[in-house]
Amino acid sequence: MTALKFSEVTDESIRRLVDEFYARVRDDAALGPVFANAIKDWEPHLATMRDFWSSVMLTSGRYKGNPVIKHRQVEGISYEMFERWLALFDETARALFEPALAAVFNAKAARIAESLRLAVFYRPDQPWPPTAA
Ligand code: HEM
């Protein structure tokens, strides 16, 4: 049976995306341990992420926070992990959404990921992108 895919940004489609994405993150060999170490109680994190995507996609203003500071504090986060995060997000969005809707989410995610990655890893005296240590 083919599941009907979401074609619109709504609270419901955001909820499904966030819940499914973080379920996959938790099972992921590279990302899972970093999240497991940082997040003990998942429900508040999922609620924050629903608010975040609601603010990004529906300009609801529900998310109040500072992702740059948070990500600078995440133990074990790496430059390379952002590629994996985006690949998993893309996979999840395409599994749940019509292609045009998945593309809108993925374009936003890619831009935000790049700005976070710069904010966390850019050093003015080092090459960009960073060379492997
Ligand atoms: C390498 C990739 C990433 C890793 C390992 C990662 C990890 C984490 C972790 C562990 C937290 C919880 C921090 C805490 O509560 O102390 C968090 C929060 C968050 N992440 Fe990420 N993240 C990544 C990429 C992204 C990207 C690409 C986005 C957006 C498109 C994003 C958006 C957020 C937001 C909005 C929060 C909530 C911050 C807050 O509490 O206000 N993350 N992330």
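Readers should treat all values here as calculations from the given coordinates under stated rules, not as data from a laboratory. Values in this document were obtained by computation on a predicted structure and should not be read as measured data. For neighbour counting, all protein chains shown are included, and Cβ atoms are generated from backbone atoms with ideal geometry for every residue, glycine included.
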Apply the Karplus parameterisation 6.51 cos²θ - 1.76 cosθ + 1.60, with θ equal to phi minus 60°, to every residue of the range 16-33 and state each ³J(HN,Hα) to the nearest whole Hz, in sequence, with x for glycine and proline. 4, 4, 4, 5, 5, 4, 6, 5, 5, 4, 5, 8, 7, 4, 7, 8, x, x
Quick one: Karplus J couplings for the range 80-94, per residue in order, coefficients 6.51, -1.76, 1.60, θ = phi - 60°, nearest Hz, x for Gly and Pro? 5, 4, 5, 4, 5, 4, 5, 4, 5, 5, 4, 4, 5, 4, 6
Using only the C-alpha atoms of the chain, find the volume of their convex hull and express it per residue in Å³. 128
If I stretch the segment between ARG94 and GLU8 completely, what's the gain in nm (0.36 nm per residue apart, minus their alpha carbon distance), one decimal? 29.6 nm
Taking neighbour counts of Cβ atoms within 10 Å as a proxy for exposure, in what order, fewest first, do TYR63, TYR122 appear? TYR122, TYR63
Could you work out how far the C-alpha centroid of the range 86-133 sits from that of the range 1-60, in angstrom? 15
Under a point-charge model restricted to the Cβ atoms of Lys and Arg (+1) and Asp and Glu (-1), what is the dipole moment magnitude of the chain relative to its Cα centre, in debye to the nearest 20? 300
The range 1-70 - percent relative contact order, Cα under 8 Å, separation 6 or more: 27
With each run of n ≥ 4 DSSP H residues scored as -39500 (n - 2.57), what mean residue ellipticity at 222 nm is computed for the chain after dividing by its residue count and rounding to the nearest 500 deg cm²/dmol? -21000 deg cm²/dmol
